[in-house]
Amino acid sequence: RQVVPIAVLGDIAMKQKRYADAVTLFKRAAALAPEATRLNAQLAEAYAAAGDKKSAAEARAKAGDVAPTLYDPVGQRLLGNNVAAAATAKSAASPMDKTIDEVLAQIETRQYDAARKSLDAALQKTPNDSMLLTLYGRLEAVTGHLPAAQARLDAALRADPKNGMALVWQGFAQEIGNDDAAAEKAYRHAIDVVPKFDNARIALASLYLR
């Protein structure tokens, strides 16, 4: 289930004020992962932005009051593996993997300042870790700091030119900045580097369909 890239495309649609598209994307993602409470919370926001108060209330009720969750393959350094595989990997997670899990949880619950502190502390120990730099780029992108996101993602790719996730997030950041040509180039590069990386293919297809 390739839920994460669909949810990210929903985020992009919200930032670009394409609220009807955001509703469609979050509904699709929520159908694929009904246990991901964050998706219903985001769907509620999209409905509200589109002016559909009734549907927003229904989605908000489905989200409930618990902390929002959404499995993300970056947390276990996977490229699209399933939740069961992630749970198995987590039992033997390294300190770095635990840090990545912590940062992902902070981003998902919008604790952005805490996520920056966690990433800064981790990068002091391993300043050239490509996945940490990718996460930082993701954080900057979702908070609207696009030049900072690009700088972090460029650093991630210098550390590991074959980091497909960094390339996909580079594309997402460029889509947020309305540079579709650069986004297409990034997604195609990701596919060239990691041919079986479905997230890149989904992102590219969604770009063409928009």
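Please identify the pairs in which a residue from segment 133-148 that is in contact (Cβ under 8 Å) with a residue 40 or more places away in the chain and on the phi < 0 side of the Ramachandran plot has its Cβ atom under 8 Å from the Cβ atom of a residue that is of a type in the set (D, E, K, R) and part of a helix (DSSP H, G or I), counting only partners at least 6 apart or on another chain. Short answer, once both residue conditions are applied: 134/152; 142/11.
Scanning segment 24-45 for residues that are without any contact (Cβ under 8 Å) to a residue 12 or more places away in the chain and part of a helix (DSSP H, G or I) returns 24, 31.
Given the residues 135, 104, 139, 119, which is the only one that is farther than 25 Å from residue 16 by Cβ and either open to solvent by less than 40 Å² (accessible area, probe 1.4 Å) or in a helix (DSSP H, G or I) (or both)?
Details: 135 fails: farther than 25 Å from residue 16 by Cβ; 104 fails: farther than 25 Å from residue 16 by Cβ; 139 fails: farther than 25 Å from residue 16 by Cβ.
So the residue among 135, 104, 139, 119 that is farther than 25 Å from residue 16 by Cβ and either open to solvent by less than 40 Å² (accessible area, probe 1.4 Å) or in a helix (DSSP H, G or I) (or both) is 119.
Take residue 110 and decide whether it is within 20 Å of residue 16 (Cβ to Cβ) and among the charged types (D, E, K, R). In short, yes.
Number of residues in segment 151-168 that are at pLDDT below 95, open to solvent by 40 Å² or more (accessible area, probe 1.4 Å) and assigned to a helix (DSSP H, G or I) equals 0. Scanning segment 179-200 for residues that are more than 15 Å from residue 161 (Cα to Cα) and surrounded by fewer than 18 Cβ atoms within 10 Å (Cβ to Cβ) gives 179, 180, 181, 182, 184, 196, 198.
The values are calculated or read from the model by the stated rules, or taken from the named source; none is laboratory data. Just so it is clear, the model here is predicted, and its values are computed rather than measured. Don't worry about glycine lacking a Cβ; one is built from the backbone with ideal geometry, like all the others, and counts go over all protein chains shown. Calculation scope for accessible area: heavy atoms of the full protein, side chains included, ligands and nucleic acids excluded. Shrake-Rupley method; radii C 1.70, N 1.55, O 1.52, S 1.80 Å.
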